[in-house]
Ligand code: WT7
């Protein structure tokens, strides 16, 4: 037996043990099949299950009266809500019956465009109860973005709120839905959950209030048994090119890895209270706010608001109020609170805290130390968890309390996960200490299976750069302890406040402005957001002042994508550096915004080398 098949055997034995801890209607005929060359990975083929039976029904005997969900509203003066496993189970079943009444059945796609309230969690679980597929669109995306996702997924039902509370603002979600679906015939039903009570338009025959519609729905709903590889959800994410991709996650593999990694990484105990601050519109909110905790019978906290509203003490107040033992948040949130001073968290004992987590972007050493000292009071390990929308769950991370920590390092792969570093040519770097592009060598259960409606694009994006490997798009360094430190994206994806933004998408949005001829967007180091967006634009019309033009560009981007993609800096230039074949040299622009002029490289082969000096002179700091 050669080493690699030995390794595969060990990996398979490991996942078999893990999978046996879940509840199946029928176990698998084949544990894993397919590979990264043919891009046809499958896990637990032949098995049948329903994930909500694993999240809810399975716990009823022992945990019926245990808190499953704690809901903390945006406004601290509004009372928190609690749902036991028994109550959550009934709410999900009732919601499922409502969806059924609206014609939703196994395999149908339901879109959620909501604020963070319990109905969002109940709604996605209700889909899963029926074997329907949920696709959550983050409420911060614009109607145009929502429309794009609806055109792609062809969801027939949308669940939304009248509006959602975000700090002191109301986001008018229902009217945004109205705008998004105007003359879009695929949408048949819009269910509206009341939250902000702002005035909205209701279209007869299409729009229904959730509260009225659910009244006479039964509390009992048998779970629809699905196949292991049936889709559980679609989640859209940005890439380096083109439109957002709808990544498809399937049921059994996702469940097995997410449930298991939650328990392992965070070392969860029965009475722990887990607070993941992510929105359910992102993969983190799917995997570690919803499915991971519920699969383990844990108590999960859902927060409707934002970190610094009404004051920058809000996070620490929530930790104390709900006796949070595990806090899982993003470096950008930590940095944004850090700027209000350590005296704020220092005035809270937060003695319930046991473990801290970080996710979404590299955590800089300063933020790590601040989190460790002022939040964790130097007694809580920090798990710096590396993963992606595509990976479904955490792949590289310390195990809380067990792995020796190094600030800024995601440390070691989880069991069953085999990361490798490769050079530009795809040659695996076999020395212990190495820097290269991060790939994964063997399939793991919660890998996304495809891009909805475009398997070819899935193959191209992740499996064609390096043959036989899954390419993450990240660069990483491995040190003398074998620890991985993720250095950031090596493609045209920018990580702004832990959100993934494709430069191509922002450029396309900017170019929609009628006076803009061309644009190029690059990332630059940003104190709080990690990376900010720096846009270079050319404009042949001088009728607007630069200030007005910049304002209009920002609102164009907000309209096309959403506020999260608005450029931080816009520089109007005469021309963009191009190769003789006309390709924009973003590498040069990147060096300029990073103030790394020494490494700008040879510009003499450019079509228009003279523009580089002008751009440097006009750079905005
Ligand atoms: C990208 C994935 C993981 C769920 C939330 C983001 C970056 C993620 C880390 C980390 C350094 C990280 C990577 C990755 N990233 N976690 N611990 N350290 N970078 O999911 O939107 O799919 O983004 O986020 O660049 O590729 P996503």
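Residue under question is residue 389, and the condition is that it be in a loop (DSSP other than H, G, I, E, B) and within 16 Å of the ligand (Cβ to nearest atom); does it hold?
Details: in a loop (DSSP other than H, G, I, E, B): yes; within 16 Å of the ligand (Cβ to nearest atom): yes.
Spelling it out, residue 389 is indeed in a loop (DSSP other than H, G, I, E, B) and within 16 Å of the ligand (Cβ to nearest atom).
Given (1) touching a helix residue (DSSP H, G or I) at 6+ places or on another chain (Cβ under 6 Å); (2) under 17 Å from residue 394 (Cβ atoms); (3) more than 12 Å from the ligand (Cβ to nearest atom), identify the lone condition not met by residue 293.
(1)
Against the condition free of Cβ contacts under 8 Å to residues at least 12 places away in the same chain and closer than 24 Å to residue 559 by Cα, how does residue 176 come out, does it pass?
no
Can you pull out the strands (runs of 3 or more DSSP E) entirely within the range 421-502 that have at least 1 residues that are within 16 Å of the ligand (Cβ to nearest atom), over 22 Å from residue 522 (Cα atoms) and at pLDDT 95 or above?
434-440, 470-478, 484-489
Among the residues of the range 512-537, which ones are over 29 Å from residue 358 (Cα atoms) and in contact with a helix residue (DSSP H, G or I) (Cβ under 9 Å, 6 or more places away or on another chain)?
512, 513, 515, 516, 517, 518, 519, 520, 536, 537
Considering only the range 6-122, give the strands (runs of 3 or more DSSP E) lying wholly within it that have at least 1 residues that are touching a residue at least 24 places away in the same chain (Cβ under 8 Å) and within 19 Å of residue 227 (Cα to Cα).
Numbers: elements: 30-33, 42-45, 67-72, 81-84, 109-113.
Result: 30-33, 42-45, 109-113.
Taking only the range 366-386 into account, find how many residues are under 18 Å from residue 261 (Cα atoms) and within 13 Å of the ligand (Cβ to nearest atom).
5
Any residue at all in the range 539-546 that's modelled with pLDDT of 95 or more and surrounded by 17 or more Cβ atoms within 10 Å (Cβ to Cβ)?
Checked the range 539-546: no residue is modelled with pLDDT of 95 or more and surrounded by 17 or more Cβ atoms within 10 Å (Cβ to Cβ).
Given the criteria touching a strand residue (DSSP E or B) at 6+ places or on another chain (Cβ under 8 Å) and within 12 Å of the ligand (Cβ to nearest atom), does residue 537 qualify?
No: the conditions fail for residue 537.
Can you say whether residue 253 is buried (at least 24 other Cβ atoms within 10 Å of the Cβ), under 22 Å from residue 445 (Cα atoms) and away from the ligand (no atom under 16 Å from the Cβ), as far as the supplied structure shows?
yes
Within the range 345-356, can one find any residue that is over 29 Å from residue 245 (Cβ atoms), touching a residue at least 24 places away in the same chain (Cβ under 8 Å), touching a strand residue (DSSP E or B) at 6+ places or on another chain (Cβ under 8 Å) and part of a strand (DSSP E or B)?
For the range 345-356, residues over 29 Å from residue 245 (Cβ atoms), touching a residue at least 24 places away in the same chain (Cβ under 8 Å), touching a strand residue (DSSP E or B) at 6+ places or on another chain (Cβ under 8 Å) and part of a strand (DSSP E or B): present.
Any chance you could count how many residues in the range 226-250 are crowded, with 24+ Cβ neighbours inside 10 Å, over 16 Å from the mean Cα position of the chain (by Cα) and within 16 Å of the ligand (Cβ to nearest atom)?
Residues meeting the conditions: 0.
Return only the number of the condition from (1) on the phi > 0 side of the Ramachandran plot; (2) surrounded by 19 or more Cβ atoms within 10 Å (Cβ to Cβ) that residue 36 does not satisfy.
With respect to (1) on the phi > 0 side of the Ramachandran plot; (2) surrounded by 19 or more Cβ atoms within 10 Å (Cβ to Cβ), residue 36 is out only on (1).
Let me spell it out: the conditions are (1) within 23 Å of residue 364 (Cα to Cα); (2) more than 9 Å from the ligand (Cβ to nearest atom); (3) buried (at least 19 other Cβ atoms within 10 Å of the Cβ); (4) at pLDDT 95 or above, and residue 410 meets all of them except one. Which number is the exception?
(2)
Of all residues being touching a helix residue (DSSP H, G or I) at 6+ places or on another chain (Cβ under 8 Å) and crowded, with 19+ Cβ neighbours inside 10 Å in the range 191-209, which is farthest from residue 119 (Cα to Cα)? Just the residue, please.
200
Report whether or not residue 399 is closer than 27 Å to residue 290 by Cβ, within 15 Å of the ligand (Cβ to nearest atom), under 24 Å from the mean Cα position of the chain (by Cα) and outside any loop (DSSP other than H, G, I, E, B).
Details: closer than 27 Å to residue 290 by Cβ: yes; within 15 Å of the ligand (Cβ to nearest atom): yes; under 24 Å from the mean Cα position of the chain (by Cα): yes; outside any loop (DSSP other than H, G, I, E, B): no.
So residue 399 does not fit the description; no.
Every residue in the range 474-499 that is in contact (Cβ under 8 Å) with a residue 60 or more places away in the chain and surrounded by fewer than 18 Cβ atoms within 10 Å (Cβ to Cβ), please.
479, 481, 482, 487, 488
Scan the strands (runs of 3 or more DSSP E) fully inside the range 138-244 and keep the ones with 1 or more residues being over 28 Å from residue 392 (Cβ atoms).
Strands (runs of 3 or more DSSP E) meeting the threshold: 164-166, 169-171, 189-193, 207-209.
Can you tell me how many residues within the range 309-335 are more than 14 Å from the ligand (Cβ to nearest atom), closer than 19 Å to residue 359 by Cα and not in a helix (DSSP H, G or I)?
4
The values are calculated or read from the model by the stated rules, or taken from the named source; none is laboratory data. The structure presented is a predicted model; accordingly, all values stated were derived computationally and were not measured. With ideal geometry, Cβ positions are generated from the backbone for all residues, glycine too; neighbour counts draw on all protein chains shown.
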